[in-house]
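**Q** Sending over a structure as structure tokens; questions will come in a sec.
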Amino acid sequence: MIFPSQGSLSTIIGKRKALIARGIIEALERAKAAGEIHYALVPEFVVEIPRELSHGDFATNAAMLLAREAKKSPRDIAKIILKNFPQQILPLKEIEIAGPGFINFRLGDNWLPQCFGEILAIGENFGCSEIGRGKKIQVEFVSANPTGELHMGNARGAAIGDTLASLLKAAGYLVEKEFYINDAGNQIEKFGFSLEARYLQELGEDIPFPEDGYHGEDILKTMKDLIERDGDKYKNIDSALRRELLTQYGLEKKLASIRETLALFGVEYDVWFSEQSLHDSGAVAQTVKALEEKGCVYTKEDALWLACTGFGEEKDEVLVRANGVPTYYAADIAYHDNKFKRGFDQVINIWGADHHGHVARMKGAMEAMGYNRDRLHVILMQLVRLYRGGEIFRMSKRTGTYITLAELIEDVGKDAARFFFVMRSPDSQMDFDLDLAVSQSADNPVYYVQYAHARICSILEAAKGEGLDIAAINKGEIKLNRLEHPSELALIRKMADFPDEIIYSAHHYEPHRIAAYVQELASGFHNFYAHCRVLGEDKELSLSRLALAKMTAITLKNGLNLMGVNAPEKM
RNA sequence: GCGCCUGUAGCUCAGCUGGAUAGAGCAACGGACUUCUAAUCCGUAGGCCAGGGGUUCGAAUCCCUUCAGGCGCGCCA
């Protein structure tokens, strides 16, 4: 019995936790058989690394959780566990009962250097695991309307989604990243009218711009480009045809621009999926028909409704409007049906908080379609609020005043921007101070982490002239027990936790944890650097420390890369 | 009115599957470069975890409630 919080059997820390957990369970079973304690089932206790060093290497709360059922004090139960604990299960130096009933385990003195040996043997791929082997997960994110530029909300989604996908991949899942192109529906119509108005205005016609159109400068620029290329060849044709041609051109341009900007942001997709294709292929109609056949729909006021209330939702929703046009909702159901038909075990969507009303509807619709609603998971990000000059800077597509992702990348840089977005939990509303981001970007924690990496690279470079047998590191022929300084041991401990950290972050869909992790690891290294000189007279020690530094660099790099952040060798 | 998110140090935020003395960065203050990058390190100070009630051995964490902020509640997407 291994609980999720105990990590993976296959990881360095995870397997030690698992051994201790097994020992505790054995001890309890043994005590139960001997009549020393009474309980039905072993509770879901945790084995964790205590924050406080004096609390040992690992600690468990098992005794406290059993107290009520076993009708004994936690400390008495701890005594019983301790007495029956199979000591041969792993090399222990000490077990003690502490506080209200914690059991603290202290492993042999050299366990951390041993961990380091195991890490060293893994090398470049350190951090990856096979937990998710055989499971297919799709992460869909950004999916911005192709009618304008990417804004801060899209940027946050891009950073979170891309990092989450990387984490899942590192945990062994088969991952596909997807961008859903909303190239159908009302906003495309509006897009067409906006393009047409700008086009004709630019050609000297005095016509009004649609009030609810897209006022952005980019629309005008797109049309100027078209005029430069094709002149006024669309001026004197049928309006509907003109809008169709202009829309087609505009969509292509916008998508290309979105794709390019995301690439600059380090985001590459596996699939770009068109909403229009669902209409063209008849998939939307088929989905509506399928729901009809399942008896989940009814007609009211000439519209076709999905009886969502039957699936625990607040109210029913329209699938097909009275005018016969299917809603976005109907298309989205068809889209998600398509996702599951592609064989994904789990589908993750990253949406802005303003879409939260859509979450329950979609899950309900999935249930109506016969899928387990939990196979769809939606991460809602709270909105990004921009500050400039100490005031809230409103993003508005209507007025065209917004900061684009492209501008952000130019001002702040990809690395800092991505780190900044990933750092925050999606749940927290984010205040993005543009002045601060631009003027004081050196304060961004990303540089702290990158600096640690660059420092190590500098040491590795310097080591070349020291006559050290660097090849011995790769062969695992270094003296592990020379690593004994508290800062060295703390660094190893932090590093050893990396694979479990990835698994945890992946399983809980919490990419921000990895940002915190790399900061802590960098801190561990800087502390080690301040206390221990790597290159020195003692060649054996130098080599051991060099190996530690090198492995730290690999871990930092792997961690940063998960976030799409570079690990520079020089700064 | 109903629903979702948030409220933790001066500021920005972690911690929330209940655990030991609530953490980090920035800002403040005091120290550390003749040596592998000082974009660093070490130390000090800073908290009724929004308020109130409950659950229990134990609550920042779970439940109820009040207050404050954000976002939703379309035959928009």
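**Q** For region A:69-83, does any single residue satisfy the condition of being touching a helix residue (DSSP H, G or I) at 6+ places or on another chain (Cβ under 8 Å), near RNA strand B (Cβ under 9 Å from one of its atoms) and not acidic (Asp, Glu)?
**A** yes
**Q** In addition: Among the residues of region A:554-571, what is the count of those that are surrounded by fewer than 21 Cβ atoms within 10 Å (Cβ to Cβ) and either more than 28 Å from the chain's Cα centre (by Cα) or hydrophobic (A, V, I, L, M, F, W, C) (or both)?
**A** 1
**Q** Show the residue pairs meeting these rules: Cβ distance below 6 Å; 6+ apart or different chains; first residue within region A:239-258 and closer than 13 Å to A:Phe191 by Cβ; second residue open to solvent by less than 60 Å² (accessible area, probe 1.4 Å) and among the small types (Gly, Ala, Ser).
**A** Here the result reads A:Arg243/A:Gly192; A:Thr247/A:Gly192, each pair linking region A:239-258 to a residue that is open to solvent by less than 60 Å² (accessible area, probe 1.4 Å) and among the small types (Gly, Ala, Ser).
**Q** Quick one: in region A:141-195, which of the residues that are within 15 Å of RNA strand B (Cβ to nearest atom) and on the phi > 0 side of the Ramachandran plot is farthest from the chain's Cα centre (by Cα)?
**A** Taking the candidates together, the pick is A:Gly185.
**Q** A further question follows. Could you run through region A:318-368 and say how many residues are touching a residue at least 24 places away in the same chain (Cβ under 8 Å), away from RNA strand B (no atom under 15 Å from the Cβ) and either under 19 Å from A:Lys289 (Cβ atoms) or open to solvent by less than 10 Å² (accessible area, probe 1.4 Å) (or both)?
**A** Here the count works out to 10.
**Q** Looking only at region A:506-521, decide whether some residue is outside any helix (DSSP H, G or I), open to solvent by 30 Å² or more (accessible area, probe 1.4 Å) and without any contact (Cβ under 8 Å) to a residue 12 or more places away in the chain. Show your work before the answer.
**A** To start, the set of residues in region A:506-521 that are outside any helix (DSSP H, G or I) comprises A:508-511.
Those left that are additionally open to solvent by 30 Å² or more (accessible area, probe 1.4 Å): A:508-510.
With without any contact (Cβ under 8 Å) to a residue 12 or more places away in the chain added as a condition, the list becomes A:508.
Within region A:506-521, one or more residues are outside any helix (DSSP H, G or I), open to solvent by 30 Å² or more (accessible area, probe 1.4 Å) and without any contact (Cβ under 8 Å) to a residue 12 or more places away in the chain.
**Q** Among the residues of region A:211-263, count how many are assigned to a helix (DSSP H, G or I), within 39 Å of the chain's Cα centre (by Cα), closer than 11 Å to A:Glu196 by Cβ and among the small types (Gly, Ala, Ser).
**A** Count: 1.
**Q** Tally the residues that are open to solvent by 20 Å² or more (accessible area, probe 1.4 Å) and either not in a helix (DSSP H, G or I) or not charged (D, E, K, R) (or both), restricting the search to region A:159-171.
**A** 1
**Q** For A:Gly467, which of the numbered conditions (1) on the phi < 0 side of the Ramachandran plot; (2) at pLDDT below 95; (3) more than 11 Å from RNA strand B (Cβ to nearest atom) fails to hold?
**A** The one condition A:Gly467 does not meet is (1).
**Q** Any chance you could count how many residues in region A:512-550 are over 29 Å from the mean Cα position of the chain (by Cα), more than 6 Å from RNA strand B (Cβ to nearest atom) and of a type in the set (Lys, Arg)?
**A** Number of matching residues: 2.
**Q** Could you tell me whether A:Gln201 is closer than 22 Å to A:Asn145 by Cβ and open to solvent by 20 Å² or more (accessible area, probe 1.4 Å)?
**A** no
The values are calculated or read from the model by the stated rules, or taken from the named source; none is laboratory data. A quick note: this is a predicted structure, and the numbers were derived from the prediction, not measured. Here Cβ is always computed from backbone atoms with ideal geometry, including for glycine, and neighbour counts include all displayed protein chains. Accessible surface is based on the protein model in full, side chains and every heavy atom, while ligands, DNA and RNA are left aside. Shrake-Rupley method; radii C 1.70, N 1.55, O 1.52, S 1.80 Å.
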